[in-house]
Amino acid sequence: MPSIRKKKTKSGRDFYEIRVSRGRGKSYLSTRWYVPDGWSRKAIEKELAKQAAEFERMVHSGEIVSKSEQKEAALLEQKKAESVLTLKNYSEQVFMPSIAIRCSENTRNTYQLNLNNWIIPAIGEMKMPEIKASHISSVLLNMQSQGKSQATCVKVYTVLHSLFRMAYMTDVILSNPMDKVERPRPRKDEIKSKEADAYTVDEVQKILDGLVKEPLRWQVYIRLMIDTGIRRGEAGALKWENIDFENNTITIAGNLCYTPQKGMYLDTPKNGKIRTVDVDPIVMNLLREYKSNQKIESDYVFTRNDSALPMHPQSPTKFMRRFSKKYDVPDLHPHKLRHTFASIAITYGADIASVSEKLGHSDKAMTLRMYTHADAESMKRASDIFQDAIHQKTEKNSGD
């Protein structure tokens with residue numbers, strides 16, 4: 001029960017001090033209620049009881065605290081606010097260490113570059129819970145206004161999507177702003193490349209015709225890429241122990257990578273699975289010749305000039321750029337040769353499962369998304385197959 005005492009101010013005005021005890025170890029709290037002029041004794045007692053009951057309720061509910069407690073709570077709130085990570089802090093302390101553990105070095109490097117170049121300069125100093133969908137959309141729209149391609153914007157979107165999902169799943173933020181951010185679309189003025197994703201059979205023949213005039217090392221490298229569809233890093237990681245000359249196969253057991261931070265290093269294949277693929281006997285004969293002509297003994301198939309070290313991952317790209325100009329072969333690069341293998345194989349009747357296995361895809365759906373497309377020849381073949389099936393059924397029914 002509150003204690004009530006009648007008192008006077010220095011000027012002689014009457015007031016009642018209402019005091020509430022909060023138990024052992026806590027100071028009591030008090031308030032004043034001033035008597036209005038002209039009130040009767042009965043009215044004062046009634047209102048005083050009402051004021052005392054309400055004050056007691058507020059004290060015990062925590063609505064009213066002492067000045068020292070107010071100050072302490074304010075300090076705790078300030079410390080709590082200061083402890084909330086900014087996006088930059090979160091990316092450095094939580095997000096990127098997680099990416100480094102579960103992703104390849106190339107992926108980690110790509111994420112870090114996108115953070116450094118686009119995300120951190122724009123919203124890096126904002127606290128994670130304060131970042132809204134509008135802030136993120138602004139980052140992406142700003143990139144597009146600077147003429148960045150949809151592909152570049154999508155990469156930044158992917159990093160943001162992964163970062164905020166992790167923050168939401170670990171209760172760093174209460175809601176995920178990326179739920180309200182649309183995936184970047186192409187700008188209206190963005191010119192889509194008319195370059196084919198893959199070469200035709202005639203274009204491949206043109207490449208092979210030019211190759212015979214080039215050093216044996218590049219003949220072997222590019223013909224192997226065309227024939228197997230392996231990745232540039234997988235070709236760079238090939239060792240002689242991976243070559244089975246008797247059965248005309250190679251085993252993809254590694255992936256040679258490079259990042260500015262880490263330099264050149266050997267990693268596992270992209271999906272973590274070792275695979276064995278067949279190779280054209282013509283290419284295997286070139287490999288035999290190439291091995292016999294190697295001046296410096298090395299475990300690696302493709303090495304640097306005058307060194308047993310593996311070839312730098314950028315060397316094939318540089319050679320193909322020169323080759324492209326020299327022989328008028330548009331847009332020659334390692335990944336386009338990979339597309340070429342898949343495209344021609346599927347167009348000429350190879351099943352998706354086999355192509356997917358040879359490419360080293362983690363699932364067949366990826367192969368379908370990336371490579372299943374129709375050209376004039378494959379569309380005509382599909383029509384012919386359909387028409388033949390209908391005609392055969394019609395002829396059979398007519399015979400019956």
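The values are calculated or read from the model by the stated rules, or taken from the named source; none is laboratory data. The structure presented is a predicted model; accordingly, all values stated were derived computationally and were not measured. Cβ coordinates were reconstructed from backbone atoms using ideal geometry, including for glycine residues, and neighbour counts include every protein chain displayed. Side chains included, ligands, DNA and RNA excluded: accessible areas come from the protein's heavy atoms. Shrake-Rupley method; radii C 1.70, N 1.55, O 1.52, S 1.80 Å.
Brief remarks on what is shown
- Flag: Thr303 does not match the condition of being at pLDDT below 90, hydroxyl-bearing (Ser, Thr, Tyr) and surrounded by 18 or more Cβ atoms within 10 Å (Cβ to Cβ).
- The single condition among (1) touching a helix residue (DSSP H, G or I) at 6+ places or on another chain (Cβ under 6 Å); (2) more than 26 Å from Arg338 (Cα to Cα) that Thr170 does not meet is (1).
- Out of Lys270, Lys291, Lys295, sole residue that is over 24 Å from Asn106 (Cβ atoms), touching a residue at least 24 places away in the same chain (Cβ under 8 Å) and open to solvent by 90 Å² or more (accessible area, probe 1.4 Å): Lys291
- Where helices (runs of 4 or more DSSP H) fall wholly inside segment 1-99, the ranges with 3 or more residues that are more than 30 Å from His161 (Cβ to Cβ) are 41-61, 67-83.
- Residues in segment 97-156 that are acidic (Asp, Glu) and touching a strand residue (DSSP E or B) at 6+ places or on another chain (Cβ under 8 Å) were compared, and the one that is most open to solvent (accessible area, probe 1.4 Å) is Glu125.
- Gln51 being within 25 Å of Leu266 (Cα to Cα) and at pLDDT 90 or above: no
- Among the candidates Val277, Val329, residue that is part of a loop (DSSP other than H, G, I, E, B) and open to solvent by less than 50 Å² (accessible area, probe 1.4 Å): Val329
- Residue list for segment 31-65, restricted to those being open to solvent by less than 50 Å² (accessible area, probe 1.4 Å), of a type in the set (Gly, Ala, Ser) and more than 11 Å from Pro2 (Cα to Cα): Ala43, Gly62
- Conditions (1) more than 27 Å from Arg108 (Cβ to Cβ); (2) in contact (Cβ under 8 Å) with a residue 40 or more places away in the chain; number of the one not met by Thr249: (2)
- Here Ala198 fits the description: more than 17 Å from Gln93 (Cα to Cα) and touching a helix residue (DSSP H, G or I) at 6+ places or on another chain (Cβ under 8 Å).
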